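S.K.: A single structure is presented below for examination.
Values quoted throughout were computed directly from the atomic coordinates according to the rules given, and no laboratory measurement underlies them. Computed from a prediction, not measured in an experiment: that's the story for all the values here. We place every Cβ from the backbone using ideal geometry, glycine too, and count neighbours over all the protein chains shown.
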Amino acid sequence: MLIWLWQFVRPYRLRLVIAIIALVLTAALTLSLGQGIKLMIDEGFSDQSTSGLAHALSWVGIIIVAMSVGAYFRFYMVSWLGERVIADIRKKLYSHLVSLPPSFFEDNLAGEIQSRVTTDTTLLQTVIGSSFSFALRNALTFVGGLTLMFISNVKLTLIVLLVVPFIVFPLIYFGRKVKKLSRDSQDKIATVGAWAGESLQHIKVVQAFTREALVNEQFGRAAESAFEVALKRIRQRALLIALVMMMVMGAVAGMLFVGGSDVIAGELSAGDLAAFVFYAIMVAGSLAAVTEVYGEVQRAAGAAERIRELMATQSGIQSPSISTAKTTSAEQQTAPLIEFNHVTYTYPSRPDTHAIARLNLAINAGESIALVGPSGAGKSTLFELLLRFRDPQHGELKILGKSLPDWDLEQLRSQFALVPQQPVLFSANVWDNLKYGRPDATEAEVIAAAKAAHADEFIAQLPHGYQSFLGEQGVKLSGGQKQRLAIARAILRDPKILLLDEATSALDAQSEHYVQQALNTLMAGRTTLVIAHRLATVRHVDRIAVFDHGQLVDVGSHEELIHSSELYKRLSDLQFSNENMEELGTI
């Protein structure tokens with residue numbers, strides 16, 4: 001873990017050096033108190049000298065002031081380093097996560113990922129910002145104290161050292177068990193958090209189906225499971241601490257008996273014994289402290305493994321390392337804007353079923369195409385392939401004559417604006433949600449986009465207008481209002497290619513009329529792909545592409561498909577009455 005952490009600590013080497021110097025000095029000053037105690041006993045108490053006692057106490061006072069100054073620098077530098085390093089880890093981890101394809105988040109619970117970004121990094125911060133400093137200071141105290149013990153009295157030191165092997169081996173054994181249990185405990189905690197987040201996010205469904213008792217029971221089982229694993233970890237740590245304390249204090253008691261006998265026999269001064277006892281207590285205390293911190297370090301090591309596991313996840317969809325453009329401007333002008341050449345895609349979870357099968361389709365600049373077909377026909381998958389959220393297993397997809405893998409991802413996706421069927425809003429105000437489409441947009445452009453989507457009227461009625469906070473996922477708005485904000489955001493983006501996934505499905509008849517007018521204006525001169533289940537909303541497009549089981553079965557206008565496509569005619573019959581169909585036939 002420390003080797004992995006070094007890459008984040010390295011930029012702040014100077015502060016680390018200052019912290020280590022402060023650690024060494026405070027440890028040395030703490031140990032020097034032993035000599036102060038010796039002076040107090042030998043020159044003060046034993047000699048019955050007030051001046052000798054005052055002299056000894058003055059030295060102790062100077063040492064304490066120096067220790068305080070060193071402790072300030074040690075605590076400040078180490079705490080700063082811990083906070084800074086964890087902030088860097090969180091930023092790098094989050095930056096890596098947002099670069100992963102959506103398929104990764106489909107396979108992993110959002111709560112589990114959030115736990116690694118927050119809880120696991122907090123554990124690391126505890127180790128770097130306090131536990132590591134605490135352990136290093138006590139390790140220095142242990143080494144320094146042991147050295148002074150040898151200098152003071154070899155015989156007594158050997159008595160204390162007899163118990164060291166009985167401490168080290170249990171430390172290693174229990175430490176490994178604590179690390180494994182810590183990893184399991186963090187996994188359980190993450191599961192509890194994920195379950196709680198999901199149930200609370202969908203609280204309306206929980207309460208509508210009166211399943212409060214059920215989710216309480218399920219959450220309770222998850223929480224108890226996490227408690228049981230944590231209890232095993234705590235039991236192992238408690239046993240380790242008790243064992244170390246028993247061994248160390250037993251050795252100190254044995255040393256006191258032998259040392260006391262030497263003082264009575266006149267072979268050792270009372271001051272020397274007091275100093276030695278001070279060193280022994282410091283060594284014993286530091287060893288016990290390191291033992292306790294070792295459990296924290298093992299726990300943090302489990303958290304570090306989970307973070308490193310996330311950072312090691314590689315996306316199969318990345319921008320090319322260098323520009324691989326092979327098309328000239330003349331070729332781009334003559335080539336279709338979008339080309340599907342024998343494209344086939346299969347979801348990894350359903351390897352025997354093609355989501356898109358041998359698709360050949362060319363779409364020219366400025367053309368509007370509607371994608372229709374039953375649910376599961378491959379329409380949404382086609383959008384994901386265009387945005388390169390997924391790569392086809394076979395065939396090639398081109399934009400402006402250039403294969404998608406040759407595009408820089410940011411440049412590729414900047415060509416599009418997506419209006420999904422379920423509008424996505426963030427926990428922010430109206431203004432920030434709209435400017436998500438184009439952060440550098442002016443105030444006039446934002447308001448114009450809202451007016452074009454017929455959203456300005458209801459925004460003005462909100463308590464704080466464009467500064468109104470919308471709540472999590474825009475919970476304070478109706479479905480139609482959220483959809484109009486999503487459309488306004490797409491209008492503001494002003495893309496070359498517009499992707500509409502049943503964009504008017506959540507609107508009432510009046511709102512749909514206004515928004516459809518706005519979309520017609522937005523679509524003019526712009527390449528548009530529309531996923532539509534309501535065929536009445538796509539009668540005005542240039543072409544309609546009919547999909548079934550991942551295959552493109554027919555392409556044409558509404559009138560042409562009524563006669564040429566049995567599937568399209570069946571879909572039309574399901575949606576329209578004979579009277580409406582006759583009316584559509586005259587358009």
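S.K.: What does the C-alpha gyration tensor say about the overall shape of the range 393-523? Classify as rounded when a/c is under 1.5, otherwise prolate if a/b is larger than b/c, or oblate.
M.R.: Prolate is the answer for the range 393-523, as a/c is 1.5 or above and a/b outweighs b/c.
S.K.: Ranking Tyr76, Tyr466, Tyr345 by Cβ neighbours within 10 Å, fewest first, what do you get?
M.R.: Result, fewest neighbours first: Tyr76, Tyr466, Tyr345.
S.K.: Which order do Asp408, Asp262 fall in if you start with the one that has the fewest other Cβ atoms within 10 Å?
M.R.: Arranged by neighbour count, lowest to highest, Asp408, Asp262 become Asp408, Asp262.
S.K.: Sticking with this one: Just to confirm my numbers, what's the Cα centroid distance between the range 371-425 and the range 228-253 in Å?
M.R.: 58 Å
S.K.: Could you give the length gained on full extension between Glu566 and Glu443, defined as 0.36 nm per residue of separation minus the Cα-Cα distance, in nm?
M.R.: Full extension from Glu566 to Glu443 adds 39.3 nm.
S.K.: Treat the count of other C-beta atoms within 10 Å as a stand-in for reagent exposure and order Val290, Val98, Val424 from fewest to most.
M.R.: Taking fewest neighbouring Cβ atoms as first place, the list is Val98, Val424, Val290.
S.K.: Could you work out the local net charge near Leu81, counting Lys and Arg as +1, Asp and Glu as -1, over the other residues with Cβ closer than 14 Å to its Cβ?
M.R.: +3
S.K.: Length gain on complete extension for the stretch Gln411 to Val555, per 0.36 nm per residue less the alpha carbon to alpha carbon distance?
M.R.: Fully extending the segment from Gln411 to Val555 adds 48.9 nm.
S.K.: Sticking with this one: Work out the FRET efficiency for Asn108 and Thr50 from their Cβ-Cβ distance, taking R0 = 60 Å, and round it to the nearest 0.05.
M.R.: The pair Asn108/Thr50 has a calculated efficiency of 0.25.
S.K.: Between Tyr347 and Ala213, what FRET efficiency follows from the Cβ-Cβ distance if R0 is 41 Å, with the result rounded to 0.05?
M.R.: Efficiency, from the Cβ-Cβ distance: 0.70.
S.K.: Based on alpha-carbon centroids, what's the gap between the range 273-315 and the range 74-132 in Å, whole number please?
M.R.: Spelled out, the Cα-based centre of one part sits 19 Å from the other.
S.K.: What is the gain in length, in nm to one decimal, between Ala242 and Gln473 on full extension, counting 0.36 nm per residue of separation less the C-alpha to C-alpha distance?
M.R.: 78.1 nm
S.K.: Now for a different question. Of Lys379/Lys402; Lys451/Lys569; Lys398/Lys482, which pairs sit farther than 28 Å apart, going by alpha carbon to alpha carbon?
M.R.: The pairs that break the limit, which is 28 Å between Cα atoms, are Lys451/Lys569; Lys398/Lys482.
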